[in-house]
Amino acid sequence: MKIATAPEMRRIDERAANEYGLAGLALMENAGGEVARKVADILGGAADKKVCIFCGKGNNGGDGFVAARHLAARGAKVKVFLLGVKTAVGGDALANLGILLKMGAEVIEIAGERDCDKAALATAFADCLVDALLGTGFSGEVSGDLAAVVKIINAAGKPVVAVDIPTGIDADTGRVRGVAVSAAHTVTFGLPKPGLLFQPGAAHAGTVTVVDIGLPAALLADAGMRQNAVTATLVRRLLPPRRPWAHKGTGGRVALVAGSPGLTGAAALASMAAVRAGAGLVTVGIAAGLNAIMEVKLTEVMTKPLPEETCGIIGPAAVEEIAAIAETADVLAIGPGLGRAAETVDAVREIVRNVRCPLVIDADGLNALAGHTESLLETEALAVLTPHPGELARLTGRPLPVINADRLGAARDAATGLGAIVVLKGPGTVIAYPDGEAFINTTGNAALATGGTGDVLTGVIAALVAQGLTSHDAAVAGVYLHGLAGELAAGARLAGMAAGDLLPALPAAIASLHGG
Ligand SMILES: NC(=O)C1=CN([C@@H]2O[C@H](COP(=O)(O)OP(=O)(O)OC[C@H]3O[C@@H](n4cnc5c(N)ncnc54)[C@H](O)[C@@H]3O)[C@@H](O)[C@H]2O)[C@@H](O)CC1
Ligand SMILES: [K+]
């Protein structure tokens with residue numbers, strides 16, 4: 001499913017009108033009707049329920065007027081508030097305001113503090129509130145009466161249904177602009193918006209329902225929109241089938257170079273994640289001094305002691321051996337817990353320059369490339385890089401706040417600039433391809449915010465490449481599976497999960513997608 005930015009959504013609306021003759025009024029009727037349906041659903045029927053609807057003067061407010069009419073028709077006691085004066089309403093919203101007024105509905109204007117007090121009082125008696133203040137036409141900051149109303153909505157302690165996007169959330173980035181509505185549910189039209197998937201927008205949106213309002217399918221699937229939601233339907237199509245005649249060779253071979261003193265756990269987690277994500281054979285290359293530890297930690301994974309510089313630290317002397325392991329592998333993952341010793345950094349750069357199989361580069365593998373990313377452009381197969389925002393900042397030289405302010409843009413620019421697939425980790429993980437196509441993940445939760453979960457992701461993506469997925473598909477499917485495993489492993493517990501808990505959840509996540 002495509003994801004539409006606010007300008008892209010406006011363009012879809014324009015094209016619907018200009019190319020298809022689909023009137024905005026008809027779309028607004030469907031949009032408002034869907035909002036009314038959602039309100040009725042959460043209240044267990046609308047009859048005799050008290051609903052306060054807060055409308056802005058644009059089309060988002062127009063959806064609110066329509067919802068008010070539909071809810072009234074279902075027997076709800078509806079109170080409609082308009083931010084500003086009726087004479088400021090125009091276009092399709094004005095048409096629907098007119099209908100409401102002709103029906104005898106009271107539409108209360110909010111202009112000033114006393115009106116805000118009236119609104120606050122009404123929310124105290126309401127069963128549900130609807131935020132139809134601002135949608136994709138929002139720009140700048142929420143301030144003045146609008147900010148006061150947003151605070152009233154949030155303070156009411158009532159279930160809030162947001163229309164299209166919670167007011168105050170930047171539709172493209174998910175940032176709060178001043179203050180934003182905290183909704184329990186958001187009914188969004190046609191396609192999801194990036195701001196509903198990125199934090200804190202996703203938390204403000206609550207449960208998101210994407211509803212069909214009759215926009216032509218061709219417009220919703222337009223290839224000009226270059227961001228997509230990673231959904232179960234998409235990943236199910238990408239996952240490798242497990243045939244009855246499968247043997248360990250069909251699962252593919254993963255080679256991993258990881259670990260240093262104090263960080264052998266990263267090597268263990270990444271390699272076991274590869275096993276749990278279906279790889280046929282997994283070999284972890286580790287400095288010879290740490291090999292005995294890995295032999296004890298790991299049973300199914302083979303280990304390869306590598307020549308070391310000092311105890312537990314690999315350097316250029318290990319490159320030849322690593323190249324030999326990579327030669328017989330389907331994918332080489334490098335970086336988890338590798339450390340930042342100067343010799344190791346040199347070795348990583350040399351490996352990236354010379355290895356011919358697909359690469360997955362994480363953690364200290366990425367740190368080693370900071371300031372030396374030109375080798376990525378020389379790799380034979382496209383590399384998958386899995387930075388968290390801090391690692392991306394080091395890798396690209398972009399300030400961290402800039403990356404956090406626009407994750408989609410940052411991942412996309414990095415992928416294009418580095419000539420690699422960039423997986424920007426964190427809530428709302430972005431997978432960006434060098435050609436500009438990008439994906440936003442929809443699985444995962446705060447339980448994943450613990451050390452070692454990134455190592456698991458590296459192993460999962462590598463395992464999928466080994467099983468024959470392209471690096472592009474493996475990055476998308478791997479991120480989704482990893483998040484889903486996090487949801488399964490955590491259940492209702494959002495703190496205290498260990499990265500190792502993800503390992504047994506990975507086969508369950510795969511099975512749930514295969515419907516088994
Ligand atoms: N064909 C269409 O165009 C459709 C649009 N729909 C709805 O229309 C919405 C978009 O409508 P609009 O483009 O009219 O935009 P909005 O209704 O989101 O907001 C536009 C209004 O908000 C004001 N505004 C913007 N930023 C502000 C700020 N910081 N503080 C105070 N006021 C601010 C603008 O001056 C303008 O009057 C969508 O989110 C959706 O809810 C739906 O009705 C479906 C069809
Ligand atoms: K809204």
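Could you tell me which residue of region 124-157 is nearest to A76 (Cα to Cα), considering only residues that are within 16 Å of ligand 2 (Cβ to nearest atom) and of a type in the set (S, T, Y)?
So, considering only residues that are within 16 Å of ligand 2 (Cβ to nearest atom) and of a type in the set (S, T, Y), the one nearest to A76 (Cα to Cα) is T136.
Considering only residues that are within 16 Å of ligand 1 (Cβ to nearest atom) and more than 17 Å from V107 (Cβ to Cβ), look in region 36-77 and name the one that is surrounded by the fewest Cβ atoms within 10 Å (Cβ to Cβ).
R37
Let me confirm something: among T87, T188, which residue is more than 16 Å from ligand 2 (Cβ to nearest atom) and modelled with pLDDT of 95 or more?
The unique qualifying residue is T87.
Of all residues in region 433-462, how many are open to solvent by less than 10 Å² (accessible area, probe 1.4 Å) and out of contact with any Ser or Thr (no Cβ under 8 Å at 6 or more places or on another chain)?
Matching residues across region 433-462 total 5.
Looking at region 468-516 only, could you name the residues that are assigned by TED's automatic domain parsing to the domain that holds L269 and assigned to a loop (DSSP other than H, G, I, E, B)?
G468, L469, T470, G491, A492, R493, L494, A495, G496, M497, A498
How many residues does region 87-134 contain that are of a type outside the set (A, V, I, L, M, F, W, C), more than 19 Å from G32 (Cα to Cα) and within 16 Å of ligand 1 (Cβ to nearest atom)?
Here the count works out to 4.
For (1) within 32 Å of the chain's Cα centre (by Cα); (2) aromatic (F, W, Y), each residue gets a yes or a no:
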site: A31; (1), (2): yes, no
site: G45; (1), (2): no, no
site: N60; (1), (2): yes, no
site: G64; (1), (2): yes, no
site: A68; (1), (2): no, no
site: F81; (1), (2): no, yes
site: G90; (1), (2): no, no
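Residue by residue through region 470-500, note down the ones that are open to solvent by 70 Å² or more (accessible area, probe 1.4 Å) and more than 22 Å from R237 (Cβ to Cβ).
A492, R493, L494, A495, G496 - these are the residues of region 470-500 that are open to solvent by 70 Å² or more (accessible area, probe 1.4 Å) and more than 22 Å from R237 (Cβ to Cβ).
Do any residues in region 154-177 that are among the basic types (K, R) have Cβ atoms under 6 Å from those of residues that are near ligand 2 (Cβ under 10 Å from one of its atoms), where the two are at least six apart or on different chains, and which pairs are they?
As it stands, the answer is R177/G168, since those pairs meet every condition given.
For region 158-170, enumerate the residues that are within 12 Å of A6 (Cβ to Cβ), open to solvent by 10 Å² or more (accessible area, probe 1.4 Å) and more than 7 Å from ligand 2 (Cβ to nearest atom).
Passing the criteria: only D170.
Residue under question is T87, and the condition is that it be of a type in the set (V, I, T) and in contact (Cβ under 8 Å) with a residue 12 or more places away in the chain; does it hold?
Criteria not met by T87.
The values are calculated or read from the model by the stated rules, or taken from the named source; none is laboratory data. What you are looking at is a predicted structure, and each value in this text was computed from that prediction instead of being measured. When we count neighbours, we look across all protein chains shown, and the Cβ atoms used for this are built from the backbone with ideal geometry, even at glycine. Ligands, DNA and RNA are excluded from the accessible area calculation, which covers all protein heavy atoms including side chains. Shrake-Rupley method; radii C 1.70, N 1.55, O 1.52, S 1.80 Å.
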